[in-house]
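**Student:** Starting off with a structure, shown below.
The values are calculated or read from the model by the stated rules, or taken from the named source; none is laboratory data. Predicted, not measured: the structure shown is a model, and the values here were computed from it. Cβ coordinates were reconstructed from backbone atoms using ideal geometry, including for glycine residues, and neighbour counts include every protein chain displayed.
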Amino acid sequence: MSESVNLTAEVRYEVVDGNVAVVTIDRPQQRNAINRGVIDGLRQAWRKLETDAAVRVGVLTGSGNRAFCAGMDLKEAAATGLRVPPRDLLPVLGDTEHVSKPTIAAVNGAAYAGGWLLAQMCDLCIAADHVRFAITEAKVGRGMPWAAPLARMLPQRVMMELLLTGEPMSAQRAQQLGYVNDVVPSAQLMERTLQMARAIAANAPLTVKAARELVYLSGEMGRSACLRAARHLFEGVYLSEDAQEGPRAFAEKRPPLWRGR
């Protein structure tokens with residue numbers, strides 16, 4: 001069962017299985033380029049995802065199979081004379097928007113410039129086998145300050161190559177480098193993505209939330225500081241009702257009933 005709503009003309013929000021939200025950029029004729037409607041729709045989508053207690057995982061994808069997102073709508077940008085983009089121009093997870101739930105990018109087509117950013121900001125990434133990723137700002141004289149986190153995600157020389165040449169990278173190479181979790185035929189993309197989302201949604205929500213935060217903490221701190229922070233982070237998990245429910249359900253040979261408390 002699913003429930004779908006159009007947040008704007010360009011962004012659709014659909015809840016699948018009651019606990020997975022699929023956010024779709026729906027501008028296939030414009031290669032799902034980012035315009036004002038996409039910006040407004042994504043901002044609404046992330047806030048809806050965060051506040052919906054029933055939803056445990058978010059998926060971001062695009063319409064069609066040509067493009068996940070081709071980046072900023074340069075025609076709109078040229079018409080507005082955009083110079084230095086304000087920090088909050090785009091609803092970027094982990095920067096301008098806070099979402100505590102896991103997110104998966106289901107990359108259905110080319111992910112260029114801002115499209116790379118949208119895939120980068122998600123926690124996990126699954127790509128169709130024809131996908132190409134690129135940071136093309138050097139080709140149009142724009143900037144990519146948002147690419148700074150890539151220093152923790154890719155080797156330095158690979159990052160240099162991407163930023164300085166603007167040339168695309170295949171989904172297969174991105175997977176070899178650890179940037180993409182899985183590469184599948186286009187027809188299987190959403191099936192594989194929802195399989196991963198369901199696996200996450202079936203797990204204890206407090207543990208999932210803390211584990212996700214642990215990954216990001218480890219990129220911000222040194223080893224000893226991170227270990228101290230992690231012990232504090234998981235204390236509430238150990239003291240929760242779910243921490244008792246998991247072993248009890250295992251002993252009773254039944255699925256656990258997670259309450260998130």
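**Student:** Using the structure shown, decide if Val5 is within 16 Å of Arg198 (Cα to Cα) and either among the charged types (D, E, K, R) or outside any helix (DSSP H, G or I) (or both). So that I can check it myself, show each step before the final result.
**Tutor:** Values: within 16 Å of Arg198 (Cα to Cα): no; either among the charged types (D, E, K, R) or outside any helix (DSSP H, G or I) (or both): yes.
No: the conditions fail for Val5.
**Student:** Could you list all residues from the stretch 21-77 that are under 23 Å from Ile200 (Cβ atoms) and either acidic (Asp, Glu) or outside the structural domain of Met144 (by TED's automatic domain parsing) (or both)?
**Tutor:** Glu50, Asp52
**Student:** Taking the stretch 6-32, which residues are small (Gly, Ala, Ser) and either more than 18 Å from Ala119 (Cα to Cα) or at pLDDT below 95 (or both)? Before the answer, list the steps.
**Tutor:** Initial filter on the stretch 6-32 (small (Gly, Ala, Ser)): 9, 18, 21.
Correct list: Ala9, Gly18.
**Student:** Kindly indicate whether Arg261 is in contact (Cβ under 8 Å) with a residue 12 or more places away in the chain, surrounded by fewer than 16 Cβ atoms within 10 Å (Cβ to Cβ) and of a type outside the set (Phe, Trp, Tyr).
**Tutor:** yes
**Student:** For the stretch 122-134, which residues satisfy the criterion of being surrounded by fewer than 17 Cβ atoms within 10 Å (Cβ to Cβ) and under 17 Å from the mean Cα position of the chain (by Cα)?
**Tutor:** Correct list: empty.
**Student:** Considering only the stretch 29-44, I want to know if a residue exists there that is part of a strand (DSSP E or B) and over 18 Å from Glu191 (Cα atoms).
**Tutor:** The initial filter retains those residues of the stretch 29-44 that are part of a strand (DSSP E or B), namely 34.
Filter once more, so that each one left must be over 18 Å from Glu191 (Cα atoms): 34.
Looking for residues that are part of a strand (DSSP E or B) and over 18 Å from Glu191 (Cα atoms), one finds at least one in the stretch 29-44, hence yes.
**Student:** Could you count how many residues in the stretch 1-34 are among the polar types (S, T, N, Q) and within 19 Å of the chain's Cα centre (by Cα)?
**Tutor:** Result for the stretch 1-34: 3.
**Student:** Would you check if Val237 is among the β-branched types (Val, Ile, Thr) and surrounded by 15 or more Cβ atoms within 10 Å (Cβ to Cβ)?
**Tutor:** Yes, satisfied.
**Student:** Which count do you get for residues in the stretch 135-173 that are of a type in the set (Val, Ile, Thr) and loosely packed, with under 15 Cβ neighbours inside 10 Å? Working first, answer last.
**Tutor:** Going through the stretch 135-173, the residues of a type in the set (Val, Ile, Thr) turn out to be 135-136, 140, 158, 165.
Narrowing the set further to residues that are loosely packed, with under 15 Cβ neighbours inside 10 Å leaves 140, 165.
Matching residues across the stretch 135-173 total 2.
**Student:** Also, I was wondering about something else. Looking for something modelled with pLDDT of 90 or more, more than 30 Å from Asn65 (Cα to Cα), part of a helix (DSSP H, G or I) and touching a strand residue (DSSP E or B) at 6+ places or on another chain (Cβ under 9 Å) - is there at least one such residue anywhere in the stretch 192-201? Please lay out each step first, then the result.
**Tutor:** To start, the set of residues in the stretch 192-201 that are modelled with pLDDT of 90 or more comprises 192-201.
With the extra rule that they be more than 30 Å from Asn65 (Cα to Cα), the set shrinks to none.
Looking through the stretch 192-201, none of the residues is modelled with pLDDT of 90 or more, more than 30 Å from Asn65 (Cα to Cα), part of a helix (DSSP H, G or I) and touching a strand residue (DSSP E or B) at 6+ places or on another chain (Cβ under 9 Å).
**Student:** Follow-up. State the number of residues belonging to the stretch 153-198 that are closer than 10 Å to Ile126 by Cα and among the basic types (Lys, Arg).
**Tutor:** 1
**Student:** Which one of these does Ser218 not meet: (1) of a type in the set (S, T, N, Q); (2) at pLDDT below 95; (3) surrounded by fewer than 15 Cβ atoms within 10 Å (Cβ to Cβ)?
**Tutor:** (3)
**Student:** Could you grab the pairs with beta carbons closer than 7 Å, sequence gap of 6+ or different chains, first residue in the stretch 101-112 and touching a residue at least 24 places away in the same chain (Cβ under 8 Å) and aromatic (Phe, Trp, Tyr), second one surrounded by fewer than 24 Cβ atoms within 10 Å (Cβ to Cβ) and not in a loop (DSSP other than H, G, I, E, B)?
**Tutor:** Filtered contacts from the stretch 101-112: Tyr112/Ala134.
**Student:** To continue, here is another question. Could you check the stretch 40-67 and list, in sequence order, the residues that are surrounded by fewer than 18 Cβ atoms within 10 Å (Cβ to Cβ) and either of a type in the set (A, V, I, L, M, F, W, C) or within 20 Å of Ile126 (Cα to Cα) (or both)?
**Tutor:** Matches in the stretch 40-67: Ala53, Ala54, Gly64, Asn65, Arg66.
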